[in-house]
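All remarks here apply to the structure that follows.
Read-outs: derived from the displayed coordinates by stated rules, not from any lab. Quick caveat: nothing in here was measured; it's all calculated off a predicted structure. No Cβ is skipped: glycine too gets one built from the backbone with ideal geometry, and neighbour counts run over all protein chains shown.
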Amino acid sequence: MKTKTVASSIVAAIVSCACLFMFVPTATAAEGVTVTSTKSFPSYTQVRKDLTTEATATSVEDNADWGGIENLDVPQTESQAEKDAAAAKKVAEEEAKKQAEAKKQAEAEAQATRDQANAASRNESRSSVTYSDASGSVSAGAAASIDRAYSLIGQSMDCTALVSQALAARGINFHGWPEEYVNVPGGHVVTDGSLQPGDILIYANTGGWNGGAHYDHVALYVGNGQAVHGGWNGHSVALASAMTEKLTIVVRIP
């Protein structure tokens, strides 16, 4: 019994001491005394990233296709022999081009010479033709053209306007350069040297000036070696010689 009493007293003392130590920090803190905690915390280390270091990705996807050697962009370098061959080929091509152009020009000049010779031959053959009035009556259409031409004598009009107005009197609407009257609708070129009133007379060269690009003159034959000319002496319509010695083409409309 005595032993139990002693044990109880020891336990009570221990509990009292524990309570005393629990309340001492609070009271001391209240009085302004610094308290140092003895509680420990886990250690923590932070690794800072170096932003000045270039990042390089080294991860590669599985089964990545890197392509073959044909996908490599490698500059091609020609050997000196290849460069010489290319230069020689270029020179040969330029020389062939020059020769082709020279040949083409020579052919054009030769054709122009032939055309001039043919034109001279035609003019010479025509100049040797002796023109004379053909017998027979004048058609109604030719008579209408002649009447209109006579009515215009003294007026200011060039040669093509005169002939176009004479044609209009017989219902033909046509106008052009002197050499183009060879294409008058319904007309045909006379080659037997005959002349009939109402014929269209075309002159390649009368000694006048027509820009050098076209025949000089066109007139309307009225018979007896005479014709009505527009642009006579520069501007007037006049009755004058048919100038058969200078005739180039005669066109007749039946």
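Here are a few things to note about the model shown:
- Remark on SER139: its backbone amide H falls under 5 Å from none of the residues 5 or more positions apart or on other chains, H modelled at 1.01 Å from N.
- Sequence-ordered 3J(HN,Hα) estimates for segment 132-144 from the Karplus curve with 6.51, -1.76 and 1.60 and θ = phi - 60° stand at 8, 5, 7, 6, x, 7, 8, 5, 4, x, 4, 4, 5 Hz, glycine and proline given as x.
- The phi-based Karplus calculation (6.51 cos²θ - 1.76 cosθ + 1.60; θ = phi - 60°) puts the 3J(HN,Hα) values of segment 149-155 at 4, 4, 5, 9, 4, x, 7 Hz, whole numbers, x for Gly and Pro.
- Rounded to whole numbers, the Karplus 3J(HN,Hα) couplings from phi for segment 188-203 are 9, 7, 8, 10, 8, x, 8, 10, 10, x, x, 5, 9, 9, 10, 10 Hz, using 6.51 cos²θ - 1.76 cosθ + 1.60 with θ = phi - 60°, and x at Gly and Pro.
- Net charge of Cβ neighbours under 9 Å - reference VAL190; Lys, Arg +1; Asp, Glu -1: -1
- Residues whose amide H falls under 5 Å from that of VAL222, counting only those 5 or more places apart or on a different chain, are GLY198, ALA227, VAL228, with hydrogens built in the peptide plane.
- Within segment 129-220, chymotrypsin sites (Phe, Trp or Tyr not before Pro) in DSSP loop having at most 12 other beta-carbon neighbours inside 10 Å: TRP209
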